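Computed from the coordinates by the stated procedures, all read-outs in this text should not be read as laboratory data. Since the structure is predicted, the reported quantities are computational estimates derived from the model, not experimental observations. Cβ: placed from backbone, ideal geometry, glycine included. Neighbour counts: every protein chain shown.
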Amino acid sequence: MKKAAFHTLGCKVNQYETEAMKEQFASRGYEIVGEEEAADVYIINTCTVTNLADRKSRQYIRRMKKQCPQAVVAVTGCYAQVRPEELEALPEVNIVAGTGEKNNIVDYVEEYFTNHTKQKHILEYDALTSYHDKGIITSMDSRTRAYVKIQEGCNRFCSYCLIPFARGAVRSRNPEEIIEEVQALIDKGFREVVLTGINTALYGTEENFPYPLTDEEKALGMHGIEIIISRINALDGEFRIRLSSLEPTVVNAEYVKRLMRYEKLCPHLHLSIQSGSDSVLAAMNRHYSRQDYLDIVRVLKDCDAHYGVTTDIICGFPGETEEDFEDSLRMTEEADFLKVHAFRYSKREGTAAYEMKNQIDGETKNKRVNRLMEKAEKVTQRFFESSAGEVRTVLFEQEGSLISGYTENYIKVYADGGEEHLNSFQKVKLLEPYKDGMKGEIL
C-alpha cells in the first residue's frame, strides 16, 4: 500500500481542501501518514498571501524531498496557481497543480508513478468559473470542530491581494450538498461547524445564483450566506455554527443584524478591517469607511456586549502616514477587539499596490507592527478582564493539566476537568485572564 502525507499552509479553506484530498487518496487505497513520516507522495497545499508564505512553501518542499528523496512531491494551492513556472523550476517538485486542479491530484500522482514525467496542470483565470465538487467530507483531524467550504473565488480585488487571481470568479456550492455534508459531520459527533470560503460573505451573490430558494426564503427576502445559516440552523442536534469570517466589503450593519436571529450561530465574527484609516482603506480598494465598520461592530455589541470580534490589520501599506497608523491604533480601542492579527504589508507583484508610490521601508513596518501588537494585547486583556464573572458555554477539546476549549464568543478557556468533559458543551464561569485566554470553573 502506497503512503501519502500532506502539509497545509494558509487559510481554513486550504485546511478543508487538504481534508478533501486526504479522503480522495484514502478512497484510492493510499495510507494517510503524518508529514514527518516516510511516504511515497507528499502533497504540499500552498498559500501566497505574503512573500513569507511563498518562502515557507519552498522550505517545506525542500524538507519533504530531503526527508524522502525517492518520493513524489506534488505542489498545489494558491502559490502553484499564480507562480507555476517558479515552482516547476524547483528540482524537488514533480507535479504542479493549480487551485482548479486539486480534484484531479490523485490522477496526476498515479500518472507520475507510471511515466515519471514532470507535470504542470493550471487552469487559466478565465476557466475558474465553476465550483469544483470535491465530494462530501466526513472526517477532520479535529474531533470537535469541522470546517465546511461553501464558496470559492473573490471579485473584490483589494489592491494588495493576489487571491482573486489565484481563486478565480465567485461561485457558490450547492446548498443541498452543504447541508448533506453538515448533517454527516453532526452525525459523526462534531459539535461545531465552521463555514468557510475564500470570501464567505460572497456566497450566493453571483449573478443568476443557480440554486432555487424555498417559498419561505423568498418571502423573507433571504439572500447570500443567510440562506445557508438558516438551513443549517434548522437541523436537529446539539451543535453550533461559526462563521470563519465576513468581509465588510460585502456586508453592512443592516445585513449583519439579520443574522443575529439564528440561535445556533456563535456570537463571534472575524471581520477584517485591514486599516483604521479612511484614506488607506480607499487606497486598498476596500469600499467601506471606518464608520461603516464601527456601525457593524455596534450591531454585534448590541446583541452581546462581549460579542467576540477578531480582525486583521496591515501595517505599512504604501503611503500610510503616522496619522493613518494612529487611526488603526485607535480602532483597536473603539471596536473593542477580542484579538488582532497584525501583518506587515507584503509587496505582491501583479497587484495594484505593487506599483504604488511611497512604499514604506521595512524598519518602519516592523516598528508599527510591534506597536500595534502591544496595543492589541492590552485591548485583549481588557476584554478578558471585563468578561470575568460571566457564564459562557465552552466546547472542550484538549486534555492537559487543565482541559481547554472555546466559548461561543471565542475565548479560550482552561478549567479543571477530565475526559468526560471533552467534545461536549459545558456551562463555565469565567474567572480571570490566563495564558492566551481565561481560567474557568465548570458549573
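Apply 1/(1 + (r/R0)^6) to the Cβ-Cβ distance of Phe113 and Glu349, taking R0 = 35 Å, and write down the FRET efficiency to the nearest 0.05.
So the FRET efficiency works out to roughly 0.50.
Quickly work out the Phe209-to-Lys66 label distance, labels modelled 7 Å from Cα along the C-beta direction, and quote it in nm with one decimal.
4.9
Enumerate the amide H contacts of Glu247 below 5 Å, restricted to partners 5 or more residues apart or on another chain; note that Pro and chain-start residues carry no placed amide H.
Hits under the 5 Å cutoff: Ala201.
If you stretched the chain out fully between Arg143 and Leu443, how much longer would it get, using 0.36 nm times the residue separation minus the C-alpha to C-alpha distance?
105.7 nm
Among Gln119, Gln81, Gln59, which one shows the highest mean-square fluctuation when the chain is modelled as a Gaussian network with alpha-carbon springs under 10 Å?
Gln59
Using unit Cβ charges (K, R positive; D, E negative) and no other charged atoms, how large, in debye to the nearest 20, is the dipole of region 391-442 about its Cα centre?
Approximately 240 debye in magnitude.
How big is the gap, in Å, between the Cα center of region 312-347 and the Cα center of region 225-272?
Between the Cα centre of region 312-347 and that of region 225-272, the gap is 26 Å.
Of the residues Gln70, Gln15, Gln151, which exhibits the maximal mean-square fluctuation in a Gaussian network model of the chain defined by a 10 Å Cα contact cut-off?
Judging by the Gaussian network model, the answer is Gln70.
How many nm is it between the label spots at Thr393 and His223, if each spot is 7 Å from the Cα in line with the beta carbon?
3.1
Might you list the cysteines of the chain that have no disulfide-compatible partner by the rule of another cysteine's Cβ under 4.7 Å?
Within the chain, the cysteines lacking a partner Cβ under 4.7 Å are Cys11, Cys47, Cys68, Cys78, Cys154, Cys266, Cys303, Cys315.
If R₀ is 30 angstrom, what is the calculated FRET efficiency for the pair Gln359 and Ser289, using the beta carbon separation as r and rounding to 0.05?
0.75
Quantify how much of the Cα-Cα distance distribution of the chain extends past 32 Å, in percent.
42
Hey, got the dipole for region 335-441? About the Cα centre, +1 on K and R Cβ, -1 on D and E Cβ, debye to the nearest 20?
For this selection, approximately 740 debye.
Considering the convex hull of the alpha carbon atoms of region 125-266, report its projected area averaged over all viewing directions, in nm², one decimal.
For the Cα atoms of region 125-266, the hull's average projected area reads 9.1 nm².
Using unit Cβ charges (K, R positive; D, E negative) and no other charged atoms, how large, in debye to the nearest 20, is the dipole of the chain about its Cα centre?
For the chain, the charge dipole is close to 840 debye.
Over 31 Å between Cα atoms: which of Lys12/Lys120; Lys257/Lys375; Lys102/Lys439; Lys65/Lys375 fall into that group?
Over 31 Å Cα-Cα: Lys102/Lys439; Lys65/Lys375.
From the Cα gyration tensor of region 3-123, with a ≥ b ≥ c the square roots of its eigenvalues, which class applies: rounded if a/c is under 1.5, or else prolate if a/b is larger than b/c, or else oblate?
It is rounded, given that a/c, with a ≥ b ≥ c, falls under 1.5.
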